[in-house]
Amino acid sequence: MVLQNELERSDLMTAIYLDNGATTPLHPKVKEAIIDTLDNFGNPSSIHSYGRTAYHVMEEARLTLKTYIHATAKDQLIFVSGGTESDNTAIMQTAMSRKEVGKHLITTQVEHPAVLETMRFLETQGFEVTYLPVSQTGEITVEQVKQALRPDTILVSMMYTNNETGVMFPIKEVGELLADHPAYFHTDAVQAFSLESINVKELKVDFLSATAHKINGPKGIGLLYVKEGISLPTLLHGGEQEGKKRPGTEDITGMHAFAVAASQLDDEEKLRRKELFKEFHHIIKQTLTEAQVDFSVNGSEEHASPHVLNLWLKGVPNNLMLMRLDLEGFVISTGSACSAGNIDPSHVIEAMYGKNHPSLDESIRISFGYGNNTEDVTKFAKALASVATQLKK
Amino acid sequence: MADNSKTKVVVGMSGGVDSSVTALLLKEQGYDVVGIFMKNWDDTDDNGVCTATEDYKDVAKVADKIGIPYYSVNFEKEYWDRVFEYFLDEYKRGRTPNPDVMCNKEIKFKAFLDYAMALGADYVATGHYARVSRDNNGVTHMLRGVDNNKDQTYFLSQLSQEQLAKTMFPLGDMEKPEVRELAEKAGLATANKKDSTGICFIGEKNFKEFLGHYLPAQPGKMLTVDGEEKGTHNGLMYYTIGQRQGLGIGGGGKTNDPWFVIGKDLATNTLIVGQGFHHPLLYSTHLKASGIHFTTNEAKPTTFKCTAKFRYRQKDTGVTVYLDETDPTKATVVFDEPVRAITPGQAVVFYDGEECLGGGAIDAAFDGETERQYV
């Protein structure tokens, strides 16, 4: 028997992709860059011409990304496998190296699981963690951090842009606050990396995490910025690579691709995208309003990155909505998958509205990115309004 | 072949071989197939291991192989409210419930069917061994699965005309070995997966332990009909009429025959035991049932002859059904010859040849004028 698998799968790729918060398509220039480097297979640690050529590509990539975040030559930029490893390294290794100084850490209730679960693990190891709550609009204030700070606080970890609502946290103000405190400051900038102009000096962060696949680069490569003068012990043990901070033969292709992906994003392009995404918000909200769909936007729209639009479609089960749209060729997301493929209600929405709030089962995340256009978003908005009307309880 | 591509069929996929092949067959017949896994019970253990997660992985593997979209939905709350509460209540009343009948009626062919319809489905399909046949008058008849050994109409007997009209059972014409063979040929990951046994939420766990977790067990006396004490029982809910295992008494007595549960007295918390598989108190001549329901909406005469099953995989017995004149959801079912171990709480299911007519829940068994002391 012949099943037409391949055909179906290519059909799937024609679906309109509005889940850029989860991951993003490769930018064509990144794809080209990947192919270009594949033959450059040398090991950058090797003491011969192949090694030197690979080393050159690696250091060029590092320099490009350092420039992208306004790091100086003396700052460290460590390539890691992605956002999760970057977050884990910053948090775990700070805890390991500073446990004599203090055992208190501060984070928020709405971080990515890579941060939250690491914190929870540390709690089992004798550390104390304060999880700052958010307001109903998903926001947090610098005052909250100030209140939670203690002399024995060794780390504050706060995301730059929330992955589910797009709400942005006052990183610069917190950086300012912590300038006079021995606690290190880490920000998970994974969701901010494509639209914000990132300046680690202005933000006064000690650590910053980012990953290539959220900015139209490939999976499997991320970075951890570590401020000059801070020496974190390594999470992994092995060779001398990455200043002994991240052993393992380097992924030259990934590093280069990451740098090329970042190079597509100058301030002008970021501004252009923000404007476009705001227009997308407008199209969707207007279409829903015209169709008399009862909805509200989750999270502050004022202090948010426009690449995310999180909607509470009142009375419309979100899992059913996701499936219906998927089958009609539109891709969005709801919470995150948990056991047996079920969807756990979003911990972010829960932190905003509380347990058992109807919005937990009725909220969807639409996230925009490279390649989305007005025409596709208009089509999507119509489908969304139509399905919402049909599914309304 | 008919063009089925515009007909959307949502298949309830459990991660077993039957529902895997159901999806495969429909896909081969050109239907627009979507696979959905139902998570009805959370059995996550202390290590975070949950059988549902393993089963869902199998659904993903199979659906991926076949090339159909697949999703997972959660009906834990519906299952708890509509099946599990009933299950516990029945045990509290000293009866032996049939949660699979209830699960089909309330979950698979209600909550799930509604969900599938909201998803835009024309039909739902499951891997049950049963057949549906739609006649010229627009009536859907449910027939026994061709594999007599696997026929599952007993569990589907509470389905209504409205539910059956939207249902497909692609395995109804097949024998189980053929199903495995098809799965094997198509390289489906579940081809050699062991059939699930017992009640889904209990799985491989110890039944006694499971039930004891939810209902307090009240040990009591174990007596013969003559009032001779034969020891203690662990709680009436652990015993079913006609059961031999687990009594902890061997031979002896008048005949040296093995001992069986021949009755229960809920009021005094007594388990009544007797010797011999064919103990006369295990036999009844008729029963009373409630919740009588017919799969077609056609009116039935108040008295009719048919065959019946009183438990799953039992041979049919000839019966005469007398529907209550004032309340046709109640019936007296008279057997052509005495039947052993009629169990309150189980389903009585009626058949006319191949067709499953429907059925109800057994409330009491009788021998002539005398009600058997079964609850």
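The values are calculated or read from the model by the stated rules, or taken from the named source; none is laboratory data. Computed from a prediction, not measured in an experiment: that's the story for all the values here. Every residue, glycine among them, receives a Cβ derived from its backbone with ideal geometry; neighbour counts consider all protein chains shown. What goes into the accessible areas is simple: the full protein's heavy atoms, side chains included, and nothing from ligands, DNA or RNA. Shrake-Rupley method; radii C 1.70, N 1.55, O 1.52, S 1.80 Å.
When chain A is modelled as a GNM with alpha-carbon springs shorter than 10 Å, which of A:LEU360, A:LEU65, A:LEU235 fluctuates the most? Comparing A:LEU360, A:LEU65, A:LEU235 in a Gaussian network model of chain A, the most mobile one is A:LEU235. What are the membrane-span-like helices in chain B by this rule: whole DSSP H runs, Cα extent along the axis at least 20 Å, mean Kyte-Doolittle hydropathy at least 1.0? For chain B, where a helix must reach 20 Å along its axis and average at least 1.0, there are no hits.
Net charge of the neighbourhood of B:ILE107, taken over other residues with C-beta under 9 Å away and scored Lys/Arg +1, Asp/Glu -1, is +2. Secondary structure note: in region B:8-186, about 25% of the DSSP beta bridges are antiparallel. Screening chain A for DSSP H helices whose Cα atoms reach 20 Å or more along their own axis and whose mean Kyte hydropathy is at least -0.5 gives A:374-391.
Apolar share of the accessible surface for the protein assembly as shown: 51 percent from carbon plus sulfur atoms, 1.4 Å probe. For region B:216-277, DSSP calls about 75 percent of its internal beta bridges antiparallel. Over the Cα atoms of chain A, the radius of gyration divided by the Kirkwood radius equals 0.98; this is the Rg/Rh ratio. Here's how it looks for A:GLU128: its modeled amide H is under 5 Å from those of A:HIS104, A:LEU105, which are all 5 or more places away or on a different chain.
At the listed q of 0.12, 0.21 Å⁻¹, the Debye profile of region A:217-330, built from one uniform point per Cα, gives log10 I(q)/I(0) equal to -0.76, -1.19. Over the C-alpha atoms of region B:216-277, the Rg to Rh ratio, Rh being the Kirkwood estimate, stands at 0.93.
Across region B:216-277, C-alpha contacts under 8 Å between residues 6 or more apart give a mean separation that, scaled by the residue count, equals a relative contact order of 34 percent. Once all protein chains are placed together, A:ILE343 keeps about 70 Å² accessible to a 1.4 angstrom probe. Here region B:281-371 has an Rg and Dmax of 11.9, 37 Å, counting Cα atoms alone. Under 8 Å for C-alpha pairs, at least 6 residues apart: give me the relative contact order for region B:281-371, rounded to a whole percent. After rounding, I find 41 percent. Working note: Karplus 6.51/-1.76/1.60 with θ = phi - 60° gives region B:331-346 the couplings 8, 10, 10, 9, 8, 5, 9, x, 10, 8, 6, 5, 10, x, x, 7 Hz, where Gly and Pro are set to x. When the Gaussian network model of chain B links Cα atoms closer than 10 Å, the mean-square fluctuations of B:GLY94, B:GLY253, B:GLY291 top out at B:GLY253.
With q set to 0.07, 0.12 Å⁻¹, the log10 of I(q)/I(0) for the protein assembly as shown, from the Debye formula over equal scatterers at the Cα positions, is -0.67, -1.31. A 1.4 Å probe run over the protein chains yields, for region B:216-277, 50 Å² of accessible area per residue, whole-number rounding. For region A:196-345, relative contact order (Cα pairs under 8 Å, six or more residues apart, normalised by length) works out to 12 percent. Amide H to amide H distances under 5 Å link A:VAL80 with A:GLY222, A:LEU223, A:LEU224, where only residues 5 or more positions off or on other chains count and H is placed in the peptide plane. Secondary structure note: in the protein assembly as shown, about 70% of the DSSP beta bridges are antiparallel. Restricted to Cα atoms, chain B shows a radius of gyration and a Dmax of 22.0, 70 angstrom. Estimated from helical segments only, the mean residue ellipticity of chain B at 222 nm is -5500 deg cm²/dmol, where each DSSP H run of four or more residues counts as -39500 (n - 2.57).
Accessible area of A:LYS204 (1.4 Å probe, protein heavy atoms only, ligands and nucleic acids ignored): about 90 Å².
For chain B, modelled as a GNM whose springs connect Cα atoms under 10 angstrom apart, the maximal fluctuation among B:ASN149, B:ASN74, B:ASN47 occurs at B:ASN47. From its DSSP helices (H runs of at least four residues, each -39,500 (n - 2.57)), chain A gives a residue-normalised ellipticity at 222 nm of -12500 deg cm²/dmol. The amide H of A:ASP19, built 1.01 Å from its N in the peptide plane, has A:SER367 as neighbours under 5 Å, considering only residues 5 or more places off or on other chains.
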